[in-house]
Amino acid sequence: MEMNIRERAKKALENIRELGPLVHNITNYVAANFQANVLLAIGASPVMAHSKDEVEDMVAIANALVLNIGTPTKEILNSMIIAGKKANNLKKPVILDPVGVGATKFRNYLVEKILGEVKVNIIRGNASEIGAICGLEGKTKGVDSIIKPEEVLESAIEFSNKTGTIVAISGTTDYIIKGDNIFECHNGVPLLGKITGSGCAVTSIIGAFSAVEEDKALASLFGLALFGVAGEIASKSATGLGSFYSLLIDKLYNLTPEEFSENLKFKIKRS
Amino acid sequence: MEMNIRERAKKALENIRELGPLVHNITNYVAANFQANVLLAIGASPVMAHSKDEVEDMVAIANALVLNIGTPTKEILNSMIIAGKKANNLKKPVILDPVGVGATKFRNYLVEKILGEVKVNIIRGNASEIGAICGLEGKTKGVDSIIKPEEVLESAIEFSNKTGTIVAISGTTDYIIKGDNIFECHNGVPLLGKITGSGCAVTSIIGAFSAVEEDKALASLFGLALFGVAGEIASKSATGLGSFYSLLIDKLYNLTPEEFSENLKFKIKRS
Amino acid sequence: MEMNIRERAKKALENIRELGPLVHNITNYVAANFQANVLLAIGASPVMAHSKDEVEDMVAIANALVLNIGTPTKEILNSMIIAGKKANNLKKPVILDPVGVGATKFRNYLVEKILGEVKVNIIRGNASEIGAICGLEGKTKGVDSIIKPEEVLESAIEFSNKTGTIVAISGTTDYIIKGDNIFECHNGVPLLGKITGSGCAVTSIIGAFSAVEEDKALASLFGLALFGVAGEIASKSATGLGSFYSLLIDKLYNLTPEEFSENLKFKIKRS
């Protein structure tokens, strides 16, 4: 099984490089540039479009849809629901990044509406965000988590079982939850949490993987791991956050599928 | 004639550095930061403003207007038309970047409306976008082209003759079309297509040149060539997309008018 | 007194690193990414949120509020006023960056409305912007200043005395005005003015300092000085604007409170 997963990771990255899946992002203006650049770096094709007048057409030609509530408005919520329903109809993967949910009542409302109207395949957030979604009292500092993934694991398993949604929790150890099945991902470095939009970027990468990998738990694992592996290598020669940012994009671009597969650090757990 | 063009290229970049033309961009939130930084790097002065409540005032003090439909809405369309008409009245150059036209009906509608209401001096797009505008069946992957400039050349010549608009088509070879006259630009490297907003950035650079060079076909050539020359030099020491991005901005800042003029690779063709 | 200020500068940066104050920015889409990254680099926590449906909740958990009119709309003005009033009620510092005021009637109107409805603790702008606010004829080139701080000093002192607002004017020498008291800050390099959003970024840094330093004139001085010191060091190894950008963020991240304190160049003046 483990060898099989390494093999699939390699194959998935090869497929992204070869097919260049189009990832449609309805996202925030802080991270949009970074998300687009990391998608290009890994070999995918980004498109950002949020007007209700075009999101259905864009979803129709896209291979995955990423919904990110980083700088949300009611108009964007409306577009997200239109786009999400279209993606559901066309059986295209929908990935939600619930940035800062728990921080404001409005973000709680947005996530509730989206989850009520759209079948979301994967939710990727930090522990505070996942806690807020899974019914725990959200403890968040703006958009940063102040609790640990381990504290929300039980609730996330319950949520995943009830909804059928994959829940990916970012942290020192990342957890990918598919009902009672759990993958742990041990790739990554603390510096990744110090550049803005790193969570948004990894969610977009998961979007790219979900376009080429049928198993959405594996797609989530691969996305988190690829970002983590590139971060590990980049951090070795970085002299600060600015150079780290450049080196991270360099490495996402240069990393071979073989290197990725070999450096993947994960564990399979069952609850 | 060729020597004359090299001389004008040198002079045009000197003028940008000396006069610092103000380029007003109504643009998308993905590339806005990059566009502003490349404009500053070449010596121009960027301003981004999109509210209908101020675009006329901003056009009045600007030296060129760049309209970019990367992340469009109906409100932004409205502002573009107000701004474009003002620029027409004041005889200031208007440059259109029809990002992703052909991908959605909404973008087709936007471009049709803009071209119907505003006299556009230059359109700069990839082959898919130009094809979509010039009446060919648009073949686009989100915002990326999947056809070659050579496939849309005939239609672009027809369009330019009919409308009087300069059409600049980006690709491995760039084509600048002014009625039956064609310039080819052979500067550039594939890496440029791998950083987000590179098309948007070069359109803004064309905006800066159009403020100092009367012949808008030459302004288009110079903009494409300057970006291409800087990209060629940057790519030599880049170790990936992140470092390429930094080096590209470094080189746009450092390139002397003489270096630019010497490295310009172009051909004059007549159809 | 001078030693006391160096000591407080050191302590203030230590406090930012230790407490990670949450800075809520209602800002523009050109500089948002840069502002977030510099805040993270110095140890603060950024959040961007502009919907009227959530700004009050966000202010409630933030430690400072930064209002930046770089790409303004009427909706954003409305949100700024709601957020600003909430911050006033909760006695949290409000910092205004009046980007491009004087360039359009709309920006003049925005600033007048904000100052009429919200108690602003600090205004940070270039000389053109401060001149426009303090009743001088605004001379601005888009968002760039074409006059010198020294030309608006008298008006700024009058304005500060009348309103009780700290006025920080950026330039070759920065001036921080608190009624009749003036600090000069001599840190900084011209390259800082050549990267987009550098003014916006320094205002966000002032926001972070204002969350940990009671004296808002000192908070302004420390913010301007920290950005300047990092810029000075970065410029030594930069090979252009791209590398300067990276090195600047590296240095903001690496600079120790001791280095900061030692490199602070300021003068205390009384008018």
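The values are calculated or read from the model by the stated rules, or taken from the named source; none is laboratory data. From a predicted model like this one, the values you see are computed outputs, not experimental measurements. Glycine also receives a Cβ, built like all others from the backbone with ideal geometry; neighbour counts cover every protein chain displayed.
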Kindly evaluate A:Thr165 against the criterion of being out of contact with any Gly (no Cβ under 6 Å at 6 or more places or on another chain), within 30 Å of C:Gly20 (Cα to Cα), modelled with pLDDT of 95 or more and surrounded by 16 or more Cβ atoms within 10 Å (Cβ to Cβ).
no
Flagged in the stretch A:173-185 as within 16 Å of the chain's Cα centre (by Cα) and at pLDDT below 95, in numbering order, are none
Only one of these is within 14 Å of chain A (Cβ to nearest Cβ) and at positive phi: B:Gly179, B:Gly188, B:Gly197. Name it.
B:Gly197
Report yes if some residue within the stretch C:147-162 is closer than 26 Å to C:Ile249 by Cα, small (Gly, Ala, Ser) and modelled with pLDDT of 95 or more; otherwise report no.
no
Given the options C:Gly207, C:Gly188, name the one that is assigned to a helix (DSSP H, G or I), crowded, with 24+ Cβ neighbours inside 10 Å and at pLDDT 95 or above.
C:Gly207
On the basis of being polar (S, T, N, Q), under 30 Å from C:Gly240 (Cβ atoms) and part of a loop (DSSP other than H, G, I, E, B), does C:Thr172 make the cut?
yes
From the residues in the stretch A:232-271 that are among the hydroxyl-bearing types (Ser, Thr, Tyr) and within 14 Å of another protein chain (Cβ to nearest Cβ), which one is nearest to B:Phe244 (Cα to Cα)?
A:Ser246
Single residue of A:Gly100, A:Gly138, A:Gly131 found to be under 18 Å from A:Ala201 (Cα atoms) and either at pLDDT 95 or above or not charged (D, E, K, R) (or both):
A:Gly100
Among residues of the stretch C:248-271 being among the acidic types (Asp, Glu) and either touching a strand residue (DSSP E or B) at 6+ places or on another chain (Cβ under 8 Å) or over 30 Å from C:Gly179 (Cβ atoms) (or both), the residue surrounded by the most Cβ atoms within 10 Å (Cβ to Cβ) is C:Asp250
When you go through (1) over 20 Å from C:Ile249 (Cα atoms); (2) modelled with pLDDT of 95 or more one by one for C:Glu18, which number turns out not to apply?
(1)
Kindly check whether there is at least one residue in the stretch A:225-242 that is in a helix (DSSP H, G or I), buried (at least 24 other Cβ atoms within 10 Å of the Cβ) and in contact with a Cys (Cβ under 7 Å, 6 or more places away or on another chain).
yes
Show me the helices (runs of 4 or more DSSP H) found entirely inside the stretch A:1-116 where at least 3 residues are within 14 Å of chain B (Cβ to nearest Cβ) and over 15 Å from A:Ser210 (Cα atoms).
A:32-42, A:55-61, A:74-89
When the stretch B:65-118 is examined, which residues are found to be basic (Lys, Arg) and buried (at least 23 other Cβ atoms within 10 Å of the Cβ)?
B:Arg107
